Amino acid sequence: MKKKKALSVIAAVAAAVSLTACQETVKGGIQARTGCAEGCTCTDCICCENNSSSDAAYEAPSEETQTETIQTETEQVEITQEESLTSEESEIEDETDEVTEAQSESYEEQTDEIWKLTEGEKAARRQQQINFNEARELLYTLENSKDKTERIVQMDKQILANNSYDFSGKNVVFIGDSITEGITSAIDQNGNFVSYVTYANSYLHFQNVLNHGKGGRMFSTYGGDELSLAENFGNVTNIDSDIIVVFAGINDYLTVVPDKRFGDIYNKESTAGFCGAVRYFMKELKTYYADNDIFFVTMYNVSKTAECQFSDYDGQPDLGDYMDAERKLAEEYGFHVIELYDTGFMDCSSEEASDYYLRDGLHPKDNGNIALGAHIAAELSMYFSQNEYE
């Protein structure tokens with residue numbers, strides 16, 4: 001099969017529509033404004049496109065202009081570039097050639113009024129999602145890097161462009177820490193942080209979105225009962241939610257306290273340490289929200305570490321140990337897992353990736369929130385689109 005640089009040309013269609021960044025947006029409830037935050041570095045947002053100067057004023061294009069731009073970029077998806085590839089990339093990109101030949105329709109046309117689609121059109125979209133997901137799974141095997149994540153995001157956007165599930169009647173609550181809240185992110189005109197939640201909603205258009213992120217929140221009680229998901233369960237969930245997305249655990253890992261406890265994942269009675277707190281929180285979710293679709297997101301890798309003494313652990317558990325415990329407990333309780341850590345998505349252990357995606361080595365800047373929002377939205381779209389008729 002002829003070798004092609006297939007993955008480099010997928011970005012155009014979905015990236016051009018419904019994204020927010022740098023205090024501006026055209027979707028998701030935040031109105032576009034001129035100007036751009038000083039120091040903007042994002043490359044996929046409406047006010048800093050292609051890393052243009054942050055001083056340049058932004059004039060929102062008309063719907064007609066947007067449509068023409070999207071149609072032009074859609075035609076470009078068929079263009080491929082022949083380049084010399086490493087043996088690992090050659091094998092992966094050979095297998096994804098067929099996927100990259102697919103025509104991408106206008107993102108606006110594909111996400112708006114999904115209820116109007118015929119059953120045949122929905123079936124075609126579901127098959128396209130499967131094709132792009134297979135290509136994405138191959139990318140997971142590449143060495144972790146900024147480029148790897150960018151390629152995955154392009155597959156995410158193609159999955160979203162073929163969404164066949166109508167989320168307009170669904171209420172969703174995102175539960176988490178400062179990453180979910182959006183601390184260090186851009187601010188909209190209402191004074192709210194523009195986090196990955198904003199971007200996920202711009203793709204899926206939920207009926208109602210509740211961002212229940214709070215700085216310092218963790219599963220365990222080291223930050224006090226108010227910041228503990230386990231101890232403050234009733235104040236972080238929402239009885240009207242249809243979908244619950246939980247993205248937490250990094251504060252449990254980074255908190256330094258005397259005689260810290262990791263807990264025992266296999267002890268079903270203990271509530272001690274991280275494992276016990278996660279188990280208790282999941283048990284409560286299972287008890288009160290058994291009919292909801294519940295997703296746990298594992299943390300992306302970072303270079304930050306915390307050294308402290310554990311009273312019940314031989315040595316120092318790393319972030320992977322924490323995420324492994326969370327993953328296994330989620331599977332035990334029958335919850336869905338959106339995997340970031342093991343797939344290497346947005347792995348920021350390298351300086352290049354950290355500088356590009358993160359503000360301070362931990363919290364996402366706009367580039368990171370855009371990537372996270374697209375990836376989490378793509379996972380939700382895949383799940384609901386593929387399981388709608390089961």
message: Looking at region 160-172, can you tell me whether even one residue there is within 13 Å of the chain's Cα centre (by Cα), closer than 27 Å to Thr118 by Cβ and not acidic (Asp, Glu)?
response: yes
- line: Of the conditions (1) surrounded by fewer than 21 Cβ atoms within 10 Å (Cβ to Cβ); (2) within 24 Å of the chain's Cα centre (by Cα), the single one that Ser241 does not satisfy is (1)
Given (1) crowded, with 19+ Cβ neighbours inside 10 Å; (2) more than 15 Å from the chain's Cα centre (by Cα), number of the condition Arg136 does not satisfy: (2)
statement: In the set Ile183, Ile179, Ile187, Ile175, the lone residue that is surrounded by 19 or more Cβ atoms within 10 Å (Cβ to Cβ), touching a strand residue (DSSP E or B) at 6+ places or on another chain (Cβ under 9 Å), among the β-branched types (Val, Ile, Thr) and modelled with pLDDT under 95 is Ile183
query: Could you count how many residues in region 152-202 are of a type in the set (Phe, Trp, Tyr) and part of a helix (DSSP H, G or I)?
result: 2
- prompt: In region 303-322, what residues are assigned to a loop (DSSP other than H, G, I, E, B), in contact (Cβ under 8 Å) with a residue 12 or more places away in the chain and among the charged types (D, E, K, R)?
  reply: Lys304, Glu307, Asp312, Asp318
query: Of all residues in region 331-367, how many are closer than 21 Å to Gln158 by Cβ, part of a helix (DSSP H, G or I) and in contact with a strand residue (DSSP E or B) (Cβ under 6 Å, 6 or more places away or on another chain)?
result: 1
task: Could you please find all residues in region 139-153 being polar (S, T, N, Q) and either in contact with a strand residue (DSSP E or B) (Cβ under 7 Å, 6 or more places away or on another chain) or surrounded by 24 or more Cβ atoms within 10 Å (Cβ to Cβ) (or both)?
output: Thr149
- request: Please work out which one of (1) at pLDDT 95 or above; (2) surrounded by fewer than 21 Cβ atoms within 10 Å (Cβ to Cβ); (3) among the charged types (D, E, K, R) is the condition Asp291 fails and give its number.
  value: (1)
query: Within region 320-337, is there a residue that is more than 20 Å from Gly215 (Cα to Cα) and within 16 Å of the chain's Cα centre (by Cα)?
result: yes
- prompt: Which of the residues that make up region 229-259 are touching a strand residue (DSSP E or B) at 6+ places or on another chain (Cβ under 6 Å), under 25 Å from Ala306 (Cβ atoms) and either at pLDDT below 95 or in a loop (DSSP other than H, G, I, E, B) (or both)?
  reply: Val236, Ala248
query: Can you pull out the residues in region 323-368 that are over 27 Å from Phe384 (Cα atoms), of a type in the set (Asp, Glu) and free of Cβ contacts under 8 Å to residues at least 60 places away in the same chain?
result: Glu351, Asp355
task: For region 190-207, enumerate the residues that are closer than 29 Å to Asp252 by Cα and surrounded by fewer than 18 Cβ atoms within 10 Å (Cβ to Cβ).
output: Gly191, Asn192
- prompt: Can you name the residue in region 294-311 that is among the aliphatic types (A, V, I, L, M) and farther than 16 Å from Ile179 by Cβ and is also surrounded by the fewest Cβ atoms within 10 Å (Cβ to Cβ) among such residues?
  reply: Ala306
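The values are calculated or read from the model by the stated rules, or taken from the named source; none is laboratory data. The model shown is predicted, which means the values in this text are computed figures rather than measured ones. All Cβ positions, even for glycine, are placed from backbone atoms using ideal geometry, and neighbour counts span all protein chains on display.
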